[in-house]
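No value in this document is a laboratory result; all are computed from the given coordinates. Values in this document were obtained by computation on a predicted structure and should not be read as measured data. Here Cβ is always computed from backbone atoms with ideal geometry, including for glycine, and neighbour counts include all displayed protein chains.
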Amino acid sequence: MEVFGKPLLRTALAEAAKLGRSTGPYKTIKYLPTPRLLPVPLQPTVHLRSLHSSLSVMSTLDKFQADLAGTWLGHRGTAAFDLRSDIMTTPTPAMLFAVQQTTFLDDVYQEDTTTLDLEAHVASLTGKEDALFVLSGTMGNQVSLRTLLTQPPHVPSNGVYLTLEDIKSKVVLGDDVHSCPTRVISLENTLDGLITPLDEIRKISGFARENDIRMHCDGARLWEVVASGAGSLHDYCQYFDTVSLCFSKGLGAPVGSIVVGSKPLIKQARWVRKAIGGGLHKSGIVTAAARVAVDVTFGKGPNGEGGLLRDTHATAKRVEKMWTDLGGKVLVPVQTNMIWLDLKSLNSSTPRFIELAKEAGLKVNGQRIITHYQIGEETIQRLGGVFEKMAAEKGTGNLDGNHGEVERRGIYGNNS
Ligand SMILES: Cc1ncc(COP(=O)(O)O)c(C=O)c1O
């Protein structure tokens with residue numbers, strides 16, 4: 001069975017070979033989606049044609065196929081030169097194809113097999129009993145926290161990750177009616193691209209359990225933690241009652257997140273999701289693409305086996321090296337797919353960096369750069385050119401010292 005027609009697959013593989021990338025992950029696409037999800041026999045060319053005919057901007061099937069390949073493997077899509085965030089990733093041909101093949105059953109009645117299958121798969125990847133598809137990372141956290149309960153964000157004192165000591169300094173214990181006892185500890189991982197180590201989480205979780213406090217993880221980018229080699233999804237998820245994981249950041253699906261937890265908690269979460277308007281009827285439209293994102297971008301097993309994320313970390317390391325080789329400094333270590341440039345270290349500024357990047361056809365937000373799997377070699381070369389210009393400008397006196405820097409801050413909110 002093939003998901004792509006042969007010409008498209010050939011284009012995709014040739015493209016990957018040209019870029020010097022491993023073609024292994026792309027070949028695995030041939031086996032997606034699983035027959036269990038498909039009510040009708042696969043006829044790829046026919047399906048590509050029917051999708052093609054609904055898109056008036058495409059003039060020929062060939063162009064359609066080339067464009068599909070170009071939005072992904074060739075790294076020529078709209079995300080290719082966008083270093084602002086991994087939320088910029090665009091759906092792949094495999095995802096669009098999976099959407100065409102999806103089931104159209106009702107998820108409020110829990111009948112949509114594509115969605116049920118995705119939930120069961122991610123529950124198993126994370127070592128949890130159950131899972132619940134939600135529309136966004138925010139909804140995942142809201143549903144989880146309303147399922148468990150809530151308090152404001154706190155900043156790590158070591159500048160990297162929250163420790164048990166940080167938590168102890170904030171937590172409210174006891175049942176005094178005049179106080180507001182802590183019911184849930186919520187940790188974001190990665191936080192600004194930085195990993196909270198397993199050992200610290202184990203300590204915090206032990207403390208929480210001793211004090212009858214529930215644990216939630218904003219794991220929008222927990223996939224990145226795993227891809228960095230810091231532990232498996234099972235390793236991390238075991239210390240939390242609920243974990244929310246995003247499909248639409250580094251994994252590249254167009255929409256959606258998932259909450260995993262015990263069966264009773266997910267049953268409760270289903271109520272909360274419905275109460276905040278998240279009951280989807282034809283959910284297969286979004287869960288089909290999310291499944292491709294998990295299998296192909298993250299990988300097939302709980303350690304991200306065969307996935308594409310590791311390459312994005314290597315790219316982040318390359319970007320860091322390009323910067324530091326020119327004398328630049330980073331604000332925090334590069335551990336996953338984020339690089340925090342200390343722009344002042346090259347006497348530059350956020351507006352100047354944005355301006356130079358724009359001239360090079362790149363989109364950046366400022367001091368934070370996020371790499372994702374649709375960033376290609378050309379993007380890195382262009383970014384290197386921008387860094388060189390910044391280094392050359394250092395000491396020219398063109399900058400007035402008012403650098404308009406923003407502080408590094410939690411990714412939630414302005415910096416998504
Ligand atoms: C760590 C983290 N959690 C949650 C969210 C919110 O996700 P969404 O935009 O899907 O609501 C973001 C957004 O980027 C995020 O970075």
- line: the range 113-298: relative contact order from alpha carbon pairs under 8 Å, six or more residues apart, as a whole percent, is 31
Rounded to the nearest 20 debye, dipole of the range 309-393 from Cβ charges on Lys, Arg, Asp, Glu: 200
message: Placing unit charges on C-beta atoms (Lys and Arg positive, Asp and Glu negative, everything else neutral), compute the dipole magnitude of the range 113-298 about its Cα centre in debye, rounded to 20.
response: 620
field: Local electrostatic count, Ala98, Cβ distance below 12 Å [Lys/Arg +1, Asp/Glu -1]
entry: -1
query: Which length gain, in nm to one decimal place, applies between Glu359 and Lys344 when the Cα-Cα distance is subtracted from 0.36 nm times their residue separation?
result: 3.4 nm
Per-residue Cβ neighbour rank within 10 angstrom, fewest leading, Phe387, Phe247: Phe387, Phe247
- request: Return the FRET efficiency for the residue pair Tyr109, Asp212: r is the Cβ-Cβ distance, R0 is 51 Å, and the value is rounded to the nearest 0.05.
  value: 0.90
- prompt: Regarding the range 195-340, what are the three Cα extents along the principal axes, ordered largest first, in Å?
  reply: 54, 42, 27
field: Net charge over other residues, Cβ less than 14 angstrom from the Cβ of Arg84 (K, R count +1; D, E count -1)
entry: +2
- request: Considering the options Thr350, Thr379, Ala392, tell which one lies farthest towards the positive end of the dipole of the range 309-393, charges being +1 on Lys and Arg and -1 on Asp and Glu at the Cβ, about the Cα centre.
  value: Thr350
- prompt: Do any chymotrypsin sites (Phe, Trp or Tyr not before Pro) in the range 97-129 lie in a loop, going by DSSP, with at most 11 other beta-carbon atoms within 10 Å of their beta carbon, and if so which?
  reply: Tyr109
- line: If R0 = 30 Å, then Ser157 and Glu129, at their Cβ-Cβ distance, give a FRET efficiency to the nearest 0.05 of 0.30
